[in-house]
Amino acid sequence: MDTEFNQAIDNKSIEKLQYDLVRDNLLQFEDLEKAREIAEVQHINLGQALINSGLITEEKLLKFLEEKLHIPSVDLETFQIDKKCLKYINYKEAFKYRILPLFEIEDTLTVAMSDPLNLFAIESIIERTEKAIEPVVSSEKCILKKINEYYEIKDKVEDINMQGDESYHWIDVLHKDNLSEERIQELLGAILKYAIKEGAHELYFDRVDNGLSVNFKHHQNTNSTGTIPELLINPFVSKIKTLSGLDPLVAEIPQLGKLSFNVDSVELIASVSAFPTIAGERISLKIYHPPKKLEQLGFNVQKIEVLKEALNKSGVVLVCGSSLSGKTHTIYSILSELIPKNKVAMTLESITKYKIKNVYQCELNENVGFNLDKAMRFIEFQSPDIVYFEGISTKEGLDFFTSLTLKNKTVITEFLADNMDDLRNKFSYAEFQMFKSVISCLVFIHSKENVEIFNADDLRKYLS
């Protein structure tokens, strides 16, 4: 099996000069020890750990390396490379060694490196290209960014065909030789295919002693389907992050992204959450299928009429059910079919699953400060008639969305409840009294074959 994409490579330059950081008063010794622990736990190099944890800025670290190694640094964000030089270093080498060719003068090739003391990388390129190599120092993050910009690589999961052998299992891909960059991507596609074959909508990638456990969740049960070997963890996680729009170099803070892929020519969306734990990052992936017609979800004409009436007046349309019952899927179908033409509908979502015609969908983004608090403060300036929020998890959020109904707005949201008794128990708390009084329609998903719908009058009987 090819080992060239083992991403957790050392940065020999920083390893060699780490104590100089302390001697030059750029770090306290305790901070250096902390960074070393972070690097070991998160399977990243010491330089990444120092920058990610905020113990030193990237600019200071680059300047330090420039001075100590007497090698100039370059800012790749403002540098125009000679694309003809890309032929000297292929994508695999560039990614593996964190190296980018910049320009050529006679027989000397100048390359940007995050680790200019990686003599093995330099000698390997010299031997193959027969060029003299002149290294300059650059940010590892910038190098990876520019590699993805300049090299032509596949940036999506290959289309998945569900036809085939009934005994199909993603583990089969691990047995193939030469598990290169393309094979890593094929492995991800194989796992997604197997998840869909097994009817799993939630996947969890957990670090275990011998690798990365691939777990599928069915209803309340989570089962391991196999383990990705330790050697492949870093390139595999990096591939998921890259395809989902996450930063592959960040492991110490939560990240949320979105992965799209085609199954039998139908586009599916998956939300991808990376969350740090003391054992390493845990990756959660939730698959969302395109919204179906309400009739296909068990809504007859009478139920649809109750929904239409609720969407034409103020109040809360609450969609309830157990975990993985299809609450979000049902709401997307409602938004796709039943929004009155004279109404302005907006959504507030952590991840937008599918584009909905004539609905203004808003994706929250903590990285730029667009969180729920800010959305709540400003959304009323847009004068929406109907607002969908994927779930209410705080008392402030509960009070805010309740207050919207008092301003003649319609709120659509979802709520986790295993059954009607569970819903009654949860709604018995004082915090829910006002919210409960403004519910105009309740949709309860007991199963795919059993969906109940209640108007305000019916609901009072069931929740009393």
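The values are calculated or read from the model by the stated rules, or taken from the named source; none is laboratory data. None of these values were measured; they are calculated from a predicted model. Because the Cβ atoms are built from the backbone with ideal geometry, glycine has one as well, and the counts that use them run over all protein chains shown.
Here are a few things to note about the model shown:
- Number of positions in the range 429-453 that are surrounded by fewer than 16 Cβ atoms within 10 Å (Cβ to Cβ) and outside any strand (DSSP E or B): 8
- Considered as a group, the residues in the range 237-251 that are crowded, with 19+ Cβ neighbours inside 10 Å and either within 18 Å of Ile269 (Cβ to Cβ) or free of Cβ contacts under 8 Å to residues at least 24 places away in the same chain (or both) include one that is farthest from the chain's Cα centre (by Cα), and that residue is Lys239.
- The residues of the range 89-138 that are closer than 24 Å to Ile184 by Cβ and assigned to a helix (DSSP H, G or I), listed by number, are Tyr91, Lys92, Glu93, Ala94, Phe95, Lys96, Tyr97, Phe120, Ala121, Ser124, Ile125, Arg128.
- Of the criteria (1) of a type in the set (A, V, I, L, M); (2) farther than 23 Å from Ile143 by Cα; (3) out of contact with any Phe, Trp or Tyr (no Cβ under 7 Å at 6 or more places or on another chain), which one Leu55 fails: (2)
- Answer residue from the range 283-322, given it is within 30 Å of Lys239 (Cβ to Cβ) and not aliphatic (A, V, I, L, M) and is surrounded by the fewest Cβ atoms within 10 Å (Cβ to Cβ) among those: Pro290
- Subset tally (residues that are more than 19 Å from Ile125 (Cβ to Cβ), without any contact (Cβ under 8 Å) to a residue 12 or more places away in the chain and in a helix (DSSP H, G or I)) for the range 74-88: 1
- Counting only strands (runs of 3 or more DSSP E) wholly contained in the range 151-241, the ones carrying 1 or more residues that are at pLDDT below 90 and within 28 Å of Asp418 (Cα to Cα) occupy 211-218, 221-229.
- Only one entry of Tyr194, Tyr168, Tyr97 meets the criterion of being surrounded by fewer than 19 Cβ atoms within 10 Å (Cβ to Cβ), touching a residue at least 24 places away in the same chain (Cβ under 8 Å) and either within 27 Å of Lys16 (Cα to Cα) or out of contact with any Asp or Glu (no Cβ under 6 Å at 6 or more places or on another chain) (or both), and that entry is Tyr168.
- Some residue of the range 370-387 being within 23 Å of Pro254 (Cβ to Cβ), among the aromatic types (Phe, Trp, Tyr) and without any contact (Cβ under 8 Å) to a residue 12 or more places away in the chain: yes
- The combined condition, being more than 17 Å from Lys87 (Cα to Cα), charged (D, E, K, R), modelled with pLDDT of 80 or more and in a helix (DSSP H, G or I), is fulfilled by Lys141.
- Qualifying helices (runs of 4 or more DSSP H) (wholly inside the range 1-54; at least 1 residues being loosely packed, with under 15 Cβ neighbours inside 10 Å and either modelled with pLDDT under 85 or in contact with a strand residue (DSSP E or B) (Cβ under 8 Å, 6 or more places away or on another chain) (or both)): 29-42
- Considering residues of the range 345-389 that are among the acidic types (Asp, Glu) and within 14 Å of Lys258 (Cβ to Cβ) only, the residue surrounded by the most Cβ atoms within 10 Å (Cβ to Cβ): Glu349
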